[in-house]
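S.K.: The structure under discussion is supplied below as structure tokens; questions concerning it will follow.
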Amino acid sequence: MVSESSKPHYNWLYFFIALAVLLNFSGLFVPILGLDGPLYATIAKTMVLKHDYVNLFSQGKDWLDKPHFPFWVTALSFNLFGFTTWAYKLPAILFVLMGGVYTYLFCKRLYNQEIALWSVLILLTSEHLIISNNDVRAEPYLTGLIIASVYHFYKTLDKNSIWQLVLGCVFAACAVMTKGIFALIPIFGAFAGQFIFTKNWKQFFHWRWLLAFVLTILFLVPEIYCLYQQFDLHPEKLVFNKHHVSGIKFFFWDSQFGRFFNSGPIKGHGDPFFFFHTILWAFIPWSVLLYIALFQFFSNSIRQKKEWFCISGALLTFLVFSASKFQLPHYITIVFPFFAVLTAQYLISIKTVQGWRAIRVTQTAVLVLLVSIILLLQYFYQAENITFLTILSLLLSIALFIFVSVKEAFSPKYKLLFQSVLVSIGINLFLNLNFYPSLLKYQSGSEAAFYIDKNSLSKFPVAQLQEEEYRHALEFYLHQPLFLVNEDGKGNLPKKPYLLYASPEHINQLKSKGWKIKPAKSFDDYLVTRLKGKFLNHQTRKEELEQKDLVLVEKDVVKP
């Protein structure tokens, strides 16, 4: 049976989902952000340039950290569209949209079409998912792959279809080849929790799961082969300052359990409450509603529950990640499809006026707070060059917000939910079309590459001083190979004259050694993934900025 006044709203749901899809493309042309994004883009670029899809390299050295799948997909995109920002981001966005499709299919089977449509809309307007489509790492791929695997495994419960099982295993294996075996936690948790809480032991011990394990391992063979070829066959290679490093062991143990127990080569500092408060902003504007939905889920009689897939997959992942010693905010986005289903199911199930009144007050406060934060951000940051497209997009969002608010055909429930969607759309259009483009002006590596590529300086070879923070953005966006120079001025030096990108301090050191250097261009520099209050305030920003210089080296080193 279709719920309260849902049929007239279906067209509006489709309309807002279409807007949400476009919203996720709004950062497509913003330069690749930060440290990880340019690093991953450069690794995939090197794959294509070397015609080597087995070995992973960074700065000319063997690179052992993430598995191959996202690099293969990105390399395919580069082969098709060239080495551009949008070619790097496009596959990730498509995988997120695939996640939206599978969220719809999965939720529709669990509940109904209305809840399924709302779950997609909630997913595509959740804050960190939109950020992940701009600051692309592994998580957009995982978001699509994990929910796809869950859906196809779920389909095997009704019919023992071998093809559904194979598809589930393919997506599961691709998820593992994206981030490691911890990517299986949400998939395992969803089904284990469902079978345990419903006491369906027959399904829990069904033969299909043994076959699924074998098939998933079989589909991991490409990754295992590549790691064996690059590392296990070459114990003489120096990796993490050690010899005899096994790539296969790192893949199955160190990269995941090593981070979890803080015993591997990559270490961190865990906080058991980290993801609890991360979700509050990462799942905005739906986070408070999610926590209310979870509270209501466990407040009601557990015996009446028939669906435990979403809560089990999300909760097990949340607990494992919270116990880990290595934590980053974007990790939790892989279970956003589960969060979206839980939130949508709860919101559509509210029937009482009293229950909805409490939700309305809470969510209205959240929306007012969000708009206030964005207004304060613009007031203090003062992003320059607001484009016509930005102004037009924001005006249309405001007009739609007013229209939804006054349209009598919408019930109070749908008015508030559509208002939440429009606030998310308006905020993220401002961020992707105005704030981030302004912010990336302080990412000196990409700015230097753009300057070189567009000027007559492109005829000179380019070298980068191998300082503490290597600028992968310079290497990716540069339309020529990048040479590396050691801090002492040695390395694989190109023939003079050539351009050198480095800090003023290191350039002065080279001058003192007799280098003949001519200034070309200076760039403001800031690590844009680690924003601080002083930087965001335009009045104190200069205090936080560093400088990177582009100079022309006109002669070789003169020995003392």
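S.K.: Are there any helices (runs of 4 or more DSSP H) wholly within the stretch 470-560 with 2 or more residues that are in contact with a strand residue (DSSP E or B) (Cβ under 7 Å, 6 or more places away or on another chain), and if so which?
M.R.: The helices (runs of 4 or more DSSP H) meeting that bar are 472-477, 504-512.
S.K.: Just to be sure before I move on: is ASN55 open to solvent by 50 Å² or more (accessible area, probe 1.4 Å), touching a residue at least 24 places away in the same chain (Cβ under 8 Å) and more than 22 Å from the chain's Cα centre (by Cα) in the structure I sent? Please lay out each step first, then the result.
M.R.: On the way: open to solvent by 50 Å² or more (accessible area, probe 1.4 Å): no; touching a residue at least 24 places away in the same chain (Cβ under 8 Å): yes; more than 22 Å from the chain's Cα centre (by Cα): yes.
Criteria not met by ASN55.
S.K.: Do you know which residues across the stretch 162-192 are free of Cβ contacts under 8 Å to residues at least 60 places away in the same chain and among the aromatic types (Phe, Trp, Tyr)?
M.R.: TRP163, PHE171
S.K.: Of the residues LEU145, LEU121, LEU97, which is of a type in the set (A, V, I, L, M, F, W, C) and out of contact with any helix residue (DSSP H, G or I) (no Cβ under 6 Å at 6 or more places or on another chain)?
M.R.: Values: LEU145 fails: out of contact with any helix residue (DSSP H, G or I) (no Cβ under 6 Å at 6 or more places or on another chain); LEU121 fails: out of contact with any helix residue (DSSP H, G or I) (no Cβ under 6 Å at 6 or more places or on another chain).
Answer to the check: LEU97.
S.K.: Then there is this: Give the residue that is farthest from the chain's Cα centre (by Cα), with candidates limited to residues of the stretch 309-345 that are assigned to a helix (DSSP H, G or I), surrounded by fewer than 21 Cβ atoms within 10 Å (Cβ to Cβ) and not hydrophobic (A, V, I, L, M, F, W, C).
M.R.: Across the stretch 309-345, the extreme among qualifying residues is SER322.
S.K.: Which members of the stretch 346-358 meet the condition of being closer than 22 Å to CYS310 by Cα and open to solvent by less than 50 Å² (accessible area, probe 1.4 Å)?
M.R.: TYR346, LEU347, ILE348, ILE350
S.K.: Then there's this: Check off (1) in a helix (DSSP H, G or I); (2) open to solvent by less than 20 Å² (accessible area, probe 1.4 Å); (3) closer than 17 Å to ALA138 by Cα for PHE106 and give me the number that stays unchecked.
M.R.: (3)
S.K.: Here's a follow-up. Of all residues in the stretch 468-514, which are modelled with pLDDT of 90 or more, among the acidic types (Asp, Glu) and under 18 Å from SER446 (Cα atoms)?
M.R.: GLU475
S.K.: Moving on. From (1) more than 27 Å from the chain's Cα centre (by Cα); (2) modelled with pLDDT of 95 or more; (3) hydrophobic (A, V, I, L, M, F, W, C), pick out the condition that doesn't hold for VAL553.
M.R.: Among (1) more than 27 Å from the chain's Cα centre (by Cα); (2) modelled with pLDDT of 95 or more; (3) hydrophobic (A, V, I, L, M, F, W, C), the lone unmet condition for VAL553 is (2).
S.K.: In addition: Hey, can you tell me all the residues within the stretch 58-91 that are open to solvent by less than 30 Å² (accessible area, probe 1.4 Å), of a type outside the set (S, T, N, Q) and not in a helix (DSSP H, G or I)?
M.R.: LEU64, PRO67, HIS68, GLY82
S.K.: Within the stretch 374-384, is there a residue that is without any contact (Cβ under 8 Å) to a residue 60 or more places away in the chain, in contact with a helix residue (DSSP H, G or I) (Cβ under 7 Å, 6 or more places away or on another chain), closer than 22 Å to LEU28 by Cα and not in a helix (DSSP H, G or I)?
M.R.: Looking for residues that are without any contact (Cβ under 8 Å) to a residue 60 or more places away in the chain, in contact with a helix residue (DSSP H, G or I) (Cβ under 7 Å, 6 or more places away or on another chain), closer than 22 Å to LEU28 by Cα and not in a helix (DSSP H, G or I), one finds at least one in the stretch 374-384, hence yes.
The values are calculated or read from the model by the stated rules, or taken from the named source; none is laboratory data. Nothing here was measured: the structure is a model prediction, and the numbers come from that model. In this analysis, Cβ positions are derived from the backbone assuming ideal geometry, glycine residues included, and neighbour counts consider all displayed protein chains. When the accessible area is computed, the model is the full protein with side chains, heavy atoms only, and any ligands, DNA or RNA have been set aside. Shrake-Rupley method; radii C 1.70, N 1.55, O 1.52, S 1.80 Å.
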